[in-house]
Amino acid sequence: MRWIFALCSFLSVATAVADGGPFTDRPLDFSLSLSQHKLSLDYGSNPIDTSVDRIGVAWRERFGERLQLGLAGGYSYLTQSNNPPLAGKELNGYHAGFLLDLELLAYARAGVSLHGSWLYQKVDHDDGMQQAVISWREPSARLQAHATLGGNVRVYGGARYGIIDGTQRLSGTLNETRAITQTERFGGFVGVELLLEGNGYLGAATAGGPDRRTSIYFGRRF
């Protein structure tokens, strides 16, 4: 049900952009992503196994031959299996932040680029007796190489670095505030894109390191 709602929202906005808007002087890139993140969070004692599902949209605008800036945001859903106050509960909320894409080397069918993002995520749960809020800041960067195979298949991969810095706040039956970090910061990623007619694209990616991530996404360049 969540994904159907997100898909309908994406198609509505994409149609509006295609009909024209205030940024027609700069090429745009609009996309929808569905992703699952598995990570181990450090609460200062035992690692806490955490799963985050995200439904997100991204809007990128070109500000030069090699630079794109953008915004990202969407819904987040978090569960933890071995955190006693939250075990079996789903926290939901949002994530939002900024994107930067910089082409370092560009050739006809290959290239190297640097990508950065800064996200803020906040999720909560309230059952009337116990309230829980988990929020964190998530800066990350990745160095990526890509190549186009054949006429419409693009493959890419590279190295990534990320940090999570946040808090868990409990109030009600149990009252406490705990800092959240994670120990894994470096990792890698690979992905593949299918280039569609009309400047559309469809892709899938997997990554390891700060989180173990799988995602699918699709979008269009205007």
Failed item in (1) of a type outside the set (Ser, Thr, Tyr); (2) at negative phi; (3) without any contact (Cβ under 8 Å) to a residue 12 or more places away in the chain, with ASP127 passing the rest:
(3)
Of all residues in the range 172-221, which are farther than 22 Å from SER51 by Cβ, in contact (Cβ under 8 Å) with a residue 12 or more places away in the chain and acidic (Asp, Glu)?
GLU193
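Determine if the range 59-66 includes at least one residue that is in contact with a helix residue (DSSP H, G or I) (Cβ under 7 Å, 6 or more places away or on another chain), closer than 19 Å to GLY219 by Cα, at pLDDT 50 or above and not in a loop (DSSP other than H, G, I, E, B).
Step one: filter the range 59-66 for residues in contact with a helix residue (DSSP H, G or I) (Cβ under 7 Å, 6 or more places away or on another chain), giving none.
No, every residue in the range 59-66 fails to be in contact with a helix residue (DSSP H, G or I) (Cβ under 7 Å, 6 or more places away or on another chain), closer than 19 Å to GLY219 by Cα, at pLDDT 50 or above and not in a loop (DSSP other than H, G, I, E, B).
Given the structure, is GLY111 assigned to a loop (DSSP other than H, G, I, E, B) and either surrounded by 15 or more Cβ atoms within 10 Å (Cβ to Cβ) or without any contact (Cβ under 8 Å) to a residue 40 or more places away in the chain (or both)?
Answer is no for this residue.
Let me confirm something: among GLY187, GLY191, which residue is farther than 14 Å from ARG212 by Cβ, of a type outside the set (A, V, I, L, M) and within 20 Å of the chain's Cα centre (by Cα)? Steps first, please.
Working: GLY187 fails: farther than 14 Å from ARG212 by Cβ.
Answer to the selection: GLY191.
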Only listed residue being surrounded by 14 or more Cβ atoms within 10 Å (Cβ to Cβ), in contact with a Leu (Cβ under 9 Å, 6 or more places away or on another chain) and touching a residue at least 60 places away in the same chain (Cβ under 8 Å), chosen from GLY116, GLY56, GLY74, GLY70:
GLY74
Check on THR206, surrounded by fewer than 17 Cβ atoms within 10 Å (Cβ to Cβ), in a strand (DSSP E or B) and not aromatic (Phe, Trp, Tyr)
yes
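Condition first: in contact with a strand residue (DSSP E or B) (Cβ under 8 Å, 6 or more places away or on another chain), charged (D, E, K, R) and more than 19 Å from ALA96 (Cα to Cα). Can you find one or more residues in the range 120-127 that meet it? Give the derivation first.
Narrowing the range 120-127 to residues in contact with a strand residue (DSSP E or B) (Cβ under 8 Å, 6 or more places away or on another chain): 120-126.
With the extra rule that they be charged (D, E, K, R), the set shrinks to 122, 124, 126.
Next, only the ones that are more than 19 Å from ALA96 (Cα to Cα) stay: 126.
Taking every residue of the range 120-127 in turn, at least one turns out to be in contact with a strand residue (DSSP E or B) (Cβ under 8 Å, 6 or more places away or on another chain), charged (D, E, K, R) and more than 19 Å from ALA96 (Cα to Cα).
Can you find, within the range 33-56, the residue that is nearest to GLY203 (Cα to Cα) among those that are among the hydroxyl-bearing types (Ser, Thr, Tyr) and not in a strand (DSSP E or B)?
Here is the first cut: in the range 33-56, the residues among the hydroxyl-bearing types (Ser, Thr, Tyr) are 33, 35, 40, 43, 45, 50-51.
Those still in the list that are not in a strand (DSSP E or B) too: 43, 45.
Numbers: TYR43: 34, SER45: 38 Å.
Out of the qualifying residues, it is TYR43.
The values are calculated or read from the model by the stated rules, or taken from the named source; none is laboratory data. Note that the structure is a prediction, hence the values are computed from the model and not measured. When we count neighbours, we look across all protein chains shown, and the Cβ atoms used for this are built from the backbone with ideal geometry, even at glycine.
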